[in-house]
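Below you'll find the structure, written out as structure tokens, and then a few comments.
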Amino acid sequence: HHWWAGLGAYLLGRKYKLSFFSALLSGIVFLAAPYFIAKTGEGHFTSVTQVAWFPWILYGYELLREGSRKAVPLLAILISLAFFCGHVQELYYLLLFLSVCLVVECLVDLVLQKRQTGPSSENREEVTSDDPVTMSSPGARFKGWIVVSLFVAGLVAIDLFPVFIYTKQAVRASGIDMAALYKGSLNSYSLLQLIDPFVWGRPDHYQGPGLFYWEAVCSFGCLPLLLALLGTGVFFRNRDVIRLTLIGLVALLLAFGPHLPFYTLCYKLIPGFSMFRLPVRLLWICTLAIAMLAGFGCESLIRLSQNQYRKKLQLLICIGFTVALLLMGYQIAQSHGEITFDMGTKQTFSVQLAWLFTAITAVFMSLFLAGFSSKTAMAGTLLLSLICTWELGSHANQILRTVPHKSFRGETKLITFLKENLGEHRVLVNQKLLSDREAWQHQIMKIQGYEPVPLTRLGLLAAATFPQPDAAAMMAGFKAPDLLTAKKPLLDLMSIKYAILQTDQKLEIEGWKIIAQGSIPEEFHLQDSTPQQLPYLILENLNPLPRAYVTGDGTLFKASQSSQKIVAAIAKVQPRNEVLLQQDVLPRGNRQTFTAATISDATPKHLTINASLTSPGYLVLSDIYYPGWTARIGDQELPVLPADYALRAIPLPAGKHQLELSYTPPGFQIGRIIS
């Protein structure tokens, strides 16, 4: 995907009429950009695979501006492919920027057309002397963008409809709280990373703004950034440069999140803007803009070699280079190439200036070479490409490590134990002892799993069960559950049979029995490193509920009340004696007392449950309630109701029943037909 992204940036540069080496430099800068590399190192593959399509989408956008017949189908396919990569935040930002650019450019062209007195409206004219292509009419461009939007909506409907319905059921249904966005944003200190990406530490010891290195590394490489500034200054009348500069600048400002009023305004006014939790991810857009502008900066060498005043400019460059060398020499003599500062804490930070000095030197040398002839200018562009490769490759080499496939642990003692003893129950265990990958591979049902956009029902159930401040991180598997404060009846309700804690101490907790202690190796280890041993303690729940059971007494409550009241109501539930319902659909009279049901067949989208009742009752299934599940006994369809707000309940009459539950993603069928 890095190569695909780089190839797309190269072809886009050629589309912008850049020379071979200038377009090549754009491709190099994008495929090896620090933000791109950091995301790959962390494993954010949905973002990486999606962003690899961005230069290609911009290429299609240029075809649309030209009025090419290929533009509409090509753009629709490219945008759809990016959407199906699965992480729509970055694509949302890109399409928002392109939509605004298209509208603004169309309006500007309409105004210019009205001012024209010579050529007829049928003859298209370049708006600026630097524009490399003629453009289609504003109306044709706008119409083409609308058609592209309709085609994309149709192509992705098969996934868009289910995702939209899921979003309405998730914790982000009403958007992210503004206060929560500060941690995922840049601040003024982030700008120091433009000079030194490691000023706040490397990925494993990052102490800067934006939570994590791979989310907030505000670095594009010193040389690419200088070239981008040079390209913006030299080609300031070129419409492509204007567009890229504005997109990059606006994206950078928005990456500061609510630290700037600019983001707050977009948050309040633009639909969908409040749905995303990390404004800092706008750095993806900045990265692409800088990469393309760096190509224009490299192209300025070609422009200089063709300038009739190049000898005078060469003299000015020599003077500037001499001054820069003196200043850099003075700085090196004074501080040995770094600036040290104290942030008011005991720790001292420093900014390394080596790459900045190298970038300044490379730019002046290349400009000086360009003053001789077009051939020496070409040599200058090659020099810049090589130094960009060196700088970006050096960054990648410092943050990436290899995980050999053989280093992944196989079936551990914990996995073997759970496969033999867990049955249809669940386990409470963190990611280090049993990762999501391992749990899925061995079909082990666990409570703690990574889901960045959890369902609201799950979130409120977790809040009621675990009244600890880091409950969200605990549910994701990154923090330990506090079994001393957890609501034991709700742990029983979730059918948790075992809790496996990462500790070497023996803990005596009421309602739990110590089964075993030991250690296992970490899930994987890096090249040339020794795997660590992780201690564990297995606790068995003395009285867990089965995954499916029947009870008759229903307690009514209103699901429309505040989240705090819902959490309080769930926390008081005694699942063996009652079930919380929004409506009681069973007839009055005797009700079934608590009795276990059995699950004879279970897949992710189908369940077969056997239950025997002497009186009407509710079959309670400790799986999260979600639209799309249907229940049948033979040919009779039964309603699936929310139980205890978060789980499922099916009303059953007296008798022996074999219940079939099946799932179809809501919106999938109509989306498939449209697509």
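For the Cα trace of region 406-541, dividing Rg by the Kirkwood Rh returns an Rg/Rh value of 0.95.
Under the convention that each Lys and Arg Cβ holds +1 and each Asp and Glu Cβ holds -1, the size of the dipole of region 548-674 around its Cα centre is about 220 debye. Only one residue of Ala291, Met328, Ala559 has its Cα farthest out toward the positive end of the dipole of the chain, where Lys and Arg carry +1 and Asp and Glu -1 on Cβ, and that residue is Ala291. The label point for Ile270 and the one for Thr614, both projected 7 Å from the Cα toward the Cβ, are 6.5 nm apart. Remark on Gly617: its backbone amide H falls under 5 Å from those of Gln592, Leu652, a criterion applied only to residues 5 or more positions apart or on other chains, H modelled at 1.01 Å from N. For region 548-674, the equivalent ellipsoid built from the Cα gyration tensor has semi-axes of 23, 21, 12 Å, listed from largest to smallest.
As a rough footprinting exposure proxy, the listed residues Met365, Met474 were ranked by other beta carbons within 10 Å of their own, and the order from fewest upward is Met365, Met474. Each Cα pair under 8 Å and six or more residues apart adds its sequence gap; the mean of these over the residue count of the chain is a relative contact order of 12 percent.
Peptides 218-225, 495-502 ordered by packing proxy, namely the average of other Cβ atoms within 10 Å per residue, highest first: 218-225, 495-502.
Region 132-208 and region 579-633 have Cα centres lying 41 Å from one another.
Taking all Cα pairs closer than 8 Å and separated by 6 or more residues, the relative contact order of region 406-541 comes to 28 percent. If the segment from Gln574 to Trp390 were pulled out straight at 0.36 nm per residue, it would be longer than the present Cα-Cα gap by 59.8 nm. Extent of region 1-53 along its three principal axes (Cα atoms, max minus min coordinate, largest first): 34, 17, 12 Å.
Inter-part distance, region 423-494 to region 1-65, computed on C-alpha centroids, equals 39 Å. Applying both filters, DSSP loop and at most 16 other Cβ atoms within 10 Å, to the trypsin sites (Lys or Arg not before Pro) of region 601-675 gives Lys605. Where both bridge residues fall in region 406-541, DSSP classifies roughly 70% of the beta bridges as antiparallel.
A simple rule links phi to the HN-Hα coupling: the Karplus curve 6.51 cos²θ - 1.76 cosθ + 1.60 with θ = phi - 60°, which for region 621-628 gives 10, 7, 10, 5, 6, 7, x, x Hz, with x for Gly and Pro. On the beta carbon distance between Ala324 and Tyr92, with R0 = 56 Å, the FRET formula returns roughly 0.85. Here the chain is assigned +1 on the Cβ of each Lys and Arg and -1 on the Cβ of each Asp and Glu. Its dipole about the Cα centre then comes out at about 960 debye.
With r as the distance between the Cβ atoms of Lys605 and Ile146 and R0 = 25 Å, compute the FRET efficiency 1/(1 + (r/R0)^6) and round to 0.05.
Details: r = 37 Å, r/R0 = 1.49.
About 0.10, to the nearest 0.05.
The orientation-averaged shadow of the Cα convex hull for region 543-597, equal to a quarter of the hull surface, comes to 4.5 nm². Across region 178-183, coupling constants 3J(HN,Hα) worked out from phi with the 6.51/-1.76/1.60 Karplus curve, θ = phi - 60°, read 4, 4, 6, 7, 4, 5 Hz, and Gly and Pro carry x. For the pair Ile624 and Thr361, a Förster radius of 51 Å applied to the C-beta separation gives a FRET efficiency near 0.30, rounded to the nearest 0.05.
Along the axis of the charge dipole computed for region 448-603 (Cβ charges of +1 for Lys and Arg, -1 for Asp and Glu, origin at the Cα centre), the listed residues Val585, Gln532, Met475 are led at the positive end by Val585. Calculate, in whole percent, how much of the Cα-Cα pair population of region 168-294 lies beyond 22 Å. Taking all Cα-Cα pairs of region 168-294, the fraction more than 22 Å apart is 41 percent.
Across the chain the C-alpha pair distances fall into 10 Å bins from zero in the proportions 3, 12, 19, 21, 18, 12, 8, 4, 1, 0, 0 percent. Note on the chain: helix-only mean residue ellipticity at 222 nm, from DSSP H runs of 4+ residues weighted -39500 (n - 2.57) and normalised by residue number, equals -15000 deg cm²/dmol.
A short reminder: the numbers here are calculations on the coordinates, not readings from a lab. Given the structure is predicted, the values throughout are model-derived calculations rather than measurements. Methodologically, a virtual Cβ is constructed for each residue, glycine included, from the backbone with ideal geometry; neighbour enumeration extends over all protein chains shown.
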